[in-house]
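Have a look at the structure below, then the notes.
The values are calculated or read from the model by the stated rules, or taken from the named source; none is laboratory data. Keep in mind it's a predicted model, so treat the numbers as computed, not measured. Every residue, glycine among them, receives a Cβ derived from its backbone with ideal geometry; neighbour counts consider all protein chains shown. Calculation scope for accessible area: heavy atoms of the full protein, side chains included, ligands and nucleic acids excluded. Shrake-Rupley method; radii C 1.70, N 1.55, O 1.52, S 1.80 Å.
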Amino acid sequence: MRLFGWGRKKQDAQSAEPSPAKASASELESRVQDGAGQDAGKDAGKDAGQTEASPAEQTEARKDERPQSSGDQQEATAAPAKKTGDKPRASWAQRLRQGLAKSSSRLGAGLTGLFSGGRIDDDALEELEDQLIMGDLGVEPAAKIVAELRRQRFGQEASDQEFRQALASIIADMLEPVAYALDIKNQHRPHILLVTGVNGAGKTTTIGKLASQFQAQGAKVMLAAADTYRAAAVGQLQIWAERASVPIVTGAERADPAAVAYQAVERARAEGVDVLIVDTAGRLHNKADLMAELQKIVRVIKKLDDSAPHDTLLVLDATTGQNAINQVKTFKELIDVSGLIVTKLDGTARGGVVVGLADRFGLPIHAIGVGEAMEDLSPFDPQAFAKALVDLEE
C-alpha cells in the first residue's frame with residue numbers, strides 16, 4: 001500500500017522542465033524574501049511582513065522559541081534522528097499492533113474468556129457491550145456491534161479465536177466506508193491542504209510527516225505557518241520544514257494569518273509547488289475568534305483559487321478519548337472539515353474512539369499515527385486496525 005496517493009509519477013516530477021522564473025528547492029530554503037504580505041481579507045495589499053525562512057534563520061528561531069506547553073514540546077522534539085546501528089524497522093502491521101497495545105490490552109483483557117468454548121447468549125453479549133463501551137468505542141457503536149454479532153452468531157458456540165475474528169470483522173466493516181487515502185491529484189496545482197486541530201494534538205508533527213512523505217513521492221511541497229499568534233507554533237513548523245527539507249512561508253509575529261496564507265498561495269503558484277500545507281490555529285477557548293480567523297483564511301485563499309482549500313484536515317489526539325468526538329463537532333461548526341487524521345494511538349488505551357468517530361461522523365479517516373518516526377504516520381487500514389484493537393493474533 002502506498003503511504004499517500006499522489007497523482008503524478010515520481011519520475012515525471014523529477015524530469016519536469018523547470019521554468020526560468022522558478023527556484024530550486026535548495027534555493028528556496030536558502031532565500032530570504034523581504035517582500036510585503038497581503039492582508040487579502042480586506043484589500044489584499046497591506047504589509048504583513050512575510051518571509052521565507054532560510055535554514056540559518058530556522059536554526060536561530062529554534063534558539064529563541066521555546067514550546068509553551070507539554071503538548072507543544074512533544075511536537076517540537078518528535079522524530080529524533082536514527083542512530084547508527086539501529087535495528088531494522090518493524091513492519092507497519094507490527095508497529096500498529098505495538099502502537100495499539102494499550103488499547104488492545106484494555107479491551108482484550110475484558111474479552112478474554114468471555115466466549116471461550118461457550119455459547120453466544122444474552123449474558124455474554126451484555127458483558128461484551130459493557131467492555132466495548134469501556135474500550136472507548138462509544139455507546140451507539142457498541143450497541144451496533146453487539147446487534148450484528150447477535151444476528152450472525154447468537155446461540156452458536158465459539159472459541160476465543162473465532163469470537164475475536166467475528167468481532168474484528170464487524171468492526172472492520174464499520175470502518176471500511178471511512179478509509180480513504182489522502183489522494184493528491186494533478187488538477188489542482190498547488191493542491192492546498194488546510195490543517196487544523198487543538199494545540200498539542202500533534203498537528204505540527206503531522207504536517208512535517210505529510211510534507212516528508214509527499215516529497216518522497218516526487219511532489220514539490222511548501223509549508224505555510226499561519227498559526228501566527230502562538231510563537232512556538234512557527235518555530236516548531238520551521239524545525240519540521242528543515243527536517244523535511246521543504247521551504248516554509250512565515251510572517252512577522254502576530255501577523256494576519258490570512259495574509260500569510262495568501263502570500264503562501266501566491267508563492268506556491270509562482271514556484272510550481274505541487275502541495276501547499278497551511279498550518280492554522282486551534283484555540284478552542286476563544287471559538288468566535290477562531291471561527292473568524294479560519295473563515296477569513298478560506299476566504300482569501302479563494303481569491304486566488306476558488307476551488308481551494310482542496311482538503312481541510314482535522315488532526316485529533318487519540319489520548320483524549322471521547323473528547324475527540326466533541327472536537328470534531330466543534331470544528332465542523334467552524335469550518336468545512338473534509339477528513340481526519342488520528343495521532344498518538346501508541347500512547348493511549350483509548351484507541352477505540354476511532355470506531356466512534358467513524359460511526360458518528362462518517363468523515364474520511366485518512367491516516368493514523370502510532371509513533372514519532374516519519375513512517376509512523378500511515379493510511380488507515382480498517383482490517384489491520386480492527387485486528388490489532390481486539391488483540392487478534394494473525
Query raised in the report: How about the stretch 347-394: which of its residues are small (Gly, Ala, Ser) and within 19 Å of VAL178 (Cα to Cα)?
Result: GLY351, GLY352, GLY356, ALA358, GLY362, ALA367, GLY369, SER378, ALA384, ALA386, ALA388
Requested in this report: Specify the residue that is nearest to TRP240 (Cα to Cα); the eligible residues are those in the stretch 354-381 that are at pLDDT below 95 and in a helix (DSSP H, G or I).
Outcome: MET374
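What about ASP306, is it surrounded by 24 or more Cβ atoms within 10 Å (Cβ to Cβ) and of a type in the set (Asp, Glu)?
On the way: surrounded by 24 or more Cβ atoms within 10 Å (Cβ to Cβ): no; of a type in the set (Asp, Glu): yes.
No, not satisfied.
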Requested in this report: Would you point out the residue of the stretch 382-394, among those that are within 15 Å of LEU345 (Cβ to Cβ) and either in contact with a His (Cβ under 8 Å, 6 or more places away or on another chain) or part of a helix (DSSP H, G or I) (or both), that is most open to solvent (accessible area, probe 1.4 Å)?
Outcome: LYS387
Query - Members of the stretch 268-294 that are out of contact with any Phe, Trp or Tyr (no Cβ under 9 Å at 6 or more places or on another chain), open to solvent by 20 Å² or more (accessible area, probe 1.4 Å) and in contact (Cβ under 8 Å) with a residue 60 or more places away in the chain - result: ARG269, ALA270
Report task. Identify the single condition in (1) at pLDDT 95 or above; (2) within 29 Å of ALA358 (Cα to Cα) that VAL273 does not satisfy, given that it satisfies every other one. Result -> (2)
Query - Meets criteria (under 18 Å from VAL221 (Cα atoms), touching a residue at least 12 places away in the same chain (Cβ under 8 Å) and not basic (Lys, Arg)) for ALA258 - result: no
Requested in this report: Provide a single number: the residues in the stretch 168-189 that are under 22 Å from ILE335 (Cα atoms), open to solvent by less than 10 Å² (accessible area, probe 1.4 Å) and at pLDDT 95 or above.
Outcome: 1
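Only one residue in GLN156, GLN161, GLN165, GLN152 is without any contact (Cβ under 8 Å) to a residue 24 or more places away in the chain and open to solvent by 60 Å² or more (accessible area, probe 1.4 Å), so which one is that?
GLN152
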Query raised in the report: Which one is nearest to SER212 (Cα to Cα) among residues in the stretch 229-257 that are part of a loop (DSSP other than H, G, I, E, B) and in contact with a strand residue (DSSP E or B) (Cβ under 8 Å, 6 or more places away or on another chain)?
Result: VAL246
